Amino acid sequence: MSQIDTGAKAPAFEAPRDGGETVRLADFAGRTVVLYFYPKDDTSGCTTEAIGFSEKAAEFAAAGAVVIGMSKDSVKKHDKFRDKHALNVILISDEGGDICERYGVWVEKSMYGKTYFGIERATFVIDGAGVVTHVWRKVKVPGHVDAVLAAITG
């Protein structure tokens, strides 16, 4: 597993998104990409984060950025999640976990004394040249969307 830090070239990816289309990082060349990884559709923290990014989508777009959320949930689950909460960010399905591995967000976690592997809530800002400019790991949802927007808009 790799650890992606600022200044690194963002690992390329190609994966299905909500609605069934395929998305590639290369599709956004020349634009800023906010790529956020989250554990699971329709759980409280993940829902709050997705709604937060959706509510600020116009501000991210005005700053030249596209917001992409990624989890291991299926496209079908993403579609239900999107529709239930009126989300307007891209939701990518990484069911096999390959992209999560390449970004270093598939990590060992523990809860109630049990250890397991899961997605670490993390956000990466990737510039138009494909270079990672900002990284947040172990994200706490409150205030996070505003912090990401502030980092992009300066």
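For the chain, the antiparallel share of DSSP beta bridges with both residues in that region comes to about 65%.
Is the C-alpha gyration tensor of region 1-43 telling us rounded, prolate or oblate? Criteria: a/c under 1.5 is rounded; beyond that, a/b larger than b/c is prolate, otherwise oblate. It comes out oblate by the Cα gyration axes.
Amide H to amide H distances under 5 Å link ASP73 with ASP41, ASP94, where only residues 5 or more positions off or on other chains count and H is placed in the peptide plane. 3J(HN,Hα) along region 146-151, derived from phi through the Karplus expression 6.51 cos²θ - 1.76 cosθ + 1.60 where θ = phi - 60°, amounts to 5, 5, 5, 4, 5, 5 Hz, with x in place of Gly and Pro.
Summarising the overall dimensions of the chain from its C-alpha atoms, the Rg and Dmax are 14.4, 45 angstrom. When shorter helices are ignored and each DSSP H run of at least 4 residues is given -39500 (n - 2.57), the per-residue value for the chain at 222 nm works out to -8000 deg cm²/dmol. Computed from point charges on the beta carbon alone (+1 for Lys and Arg, -1 for Asp and Glu), the dipole magnitude for region 100-154 about its Cα centre is near 240 Debye.
Proximity of backbone amide H atoms, modeled 1.01 Å from N, is registered between GLY104 and SER2 at under 5 Å, excluding neighbours fewer than 5 places apart on the same chain. Checked against a 25 Å cut-off, the cross-linked pairs LYS9/LYS114; LYS76/LYS140; LYS40/LYS76; LYS56/LYS138; LYS56/LYS109 give Cα-Cα distances beyond that limit for LYS9/LYS114; LYS76/LYS140; LYS56/LYS109. For the chain, the relative contact order works out to 32 percent when only alpha carbon pairs closer than 8 Å and six or more residues apart are counted.
A protection proxy built from the mean count of other Cβ atoms within 10 Å ranks the segments 95-105, 3-13, most packed first, as 95-105, 3-13. With the charge dipole of region 28-153 set up from +1 on Lys and Arg Cβ and -1 on Asp and Glu Cβ about the Cα centre, the Cα lying farthest toward the positive end among the listed residues ALA129, ALA147, THR48 is that of THR48. For GLY130, the amide hydrogen comes within under 5 Å of the amide hydrogens of GLY30, counting only partners 5 or more places away or on other chains and with H modelled in the peptide plane. About its Cα centre, the dipole of the chain is roughly 300 debye, where the only charges are +1 on Lys and Arg Cβ and -1 on Asp and Glu Cβ. 3J(HN,Hα) couplings calculated from phi for region 17-23 with the Karplus curve 6.51 cos²θ - 1.76 cosθ + 1.60 (θ = phi - 60°) are, in sequence order, 10, 3, x, x, 6, 9, 10 Hz; Gly and Pro show x.
Since every read-out is calculated from the coordinates, none of them should be taken as a lab result. As the structure is a prediction and not an experimental result, all values here were calculated from the model. Here Cβ is always computed from backbone atoms with ideal geometry, including for glycine, and neighbour counts include all displayed protein chains.
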